[in-house]
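Trainee: Structure incoming, see below.
Read-outs: derived from the displayed coordinates by stated rules, not from any lab. For clarity, every value in this text was computed on a predicted model and none was experimentally measured. As a convention, Cβ positions derive from the backbone with ideal geometry for all residues, glycine included, and neighbour counts pool all protein chains shown.
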């Protein structure tokens, strides 16, 4: 265990003020120096001399000294404020909570219980990576309940994530062994420091460490085996962006603008076209760069998802924190056989996910083999009995009567013109599966232990047709697990089966303490 988990208060990275807001201050100072340089050049070479410039006015009226003094005092105040904010911003990790204190005049205190942790995200903006710093965000169940530590040393952030997950998993910590090991390491470092040439070696080691941290992948190969990682192919990524719903909207918008020009003969419609094209280009570039170096892999403490080219991010989702999974296939992706996977979680992260989407999207685009690997990672219990293989096979089926799903009856075809044969449910060991859509296909998987309640609904129209709808309630998110136009008797059977299974699974679920029987040093 690292020194940060000793229950004592610790400070963040010394460059935290610069990485948070000091960059803006440096930019302002740079603009000021740039203007001063231009004025001096004009004066030296007989130019206009910056007439009308505030700095020229100060010089002509003899206020340069006062301005320099004010600038110096302001600089001292800003640096002092940044220093005080760093000194007053502390955190501690205990065996129960992650706690952060901040604020100079108005003190703020935020706690996150370890047993409520839904994930840990480590973001490395490009500027912070240059200084080997990272931002760690502990996602806690609840609205705006996350605990942020920005910034920490890059290696310290990785160690702290590992330790927090270890504490949250219920692992018994051998503190005496950890303390003894730390003392041994301290003695070794002392012996090395006494050797000649230690300073040169230390500088060389520091440079190598910075380069390694800048170029290191977002996953530990010892924890995430290469065969469990899904790679983001460049051609598939570009194709998914071109065939996305946003692209269709952009083409429709451009077509509408040109139609307006032709129909009215006025070019006023083109006024808003250029800003729209600039925004569209920025959107595509952001989604493209954020999906590069995408990876997803299994670790002893959950699923780790990484992405990003210049600014990188990786997040670990502990076991039992995924409340539902949905696999979807937009219409234009079907010829290529591409799919997207989203999840519902009990928390939200300030960091965007891969492709710049919400962090609930864990696979922006992938083929059926990628879907099989991701489902096996996020739902390991289903992978053990072969259910994942069966689900990925049934996703592309046309809805045969013997495919293991209870589908809507033929009389529901009046309400489901194209998808009646693909609108159904299946009960698997530990999960409920809902299949929908013939044009836009989707498959929703809800672990029984994560369900909060189940509801059945039958309006007057469905009542006459002996049909009903069923909805499974989980935490709020992009996925709404519900299925309509079921036979009313079969819907009632599903209602009872799901209610009983949810109670039984929740009473035996231990995923919130996924490594409670282990011990670590």
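Trainee: Nearest 0.05, what FRET efficiency do residue 87 and residue 3 give at R0 = 25 Å with Cβ-Cβ as r?
Mentor: It comes to 0.85.
Trainee: Beyond 22 Å, what percent of the Cα pairs of the stretch 295-513 remain?
Mentor: Value for the stretch 295-513: 51 percent of Cα pairs lie more than 22 Å apart.
Trainee: Treat each spin label as a single point 7 Å out from the Cα along the C-beta direction, and report the residue 473 to residue 285 distance in nm.
Mentor: My value for the distance between the label points is 4.7 nm.
Trainee: List the relative contact order of the stretch 295-513 as a percent without decimals, with contacts defined as Cα pairs under 8 Å and 6+ residues apart.
Mentor: 18
Trainee: For the stretch 250-291 and the stretch 415-456, compute the distance between their C-alpha centroids and round to whole Å.
Mentor: 38
Trainee: Can you give the FRET efficiency to the nearest 0.05 for residue 439 and residue 126, using r as the Cβ-Cβ distance and R₀ = 45 Å?
Mentor: 0.65
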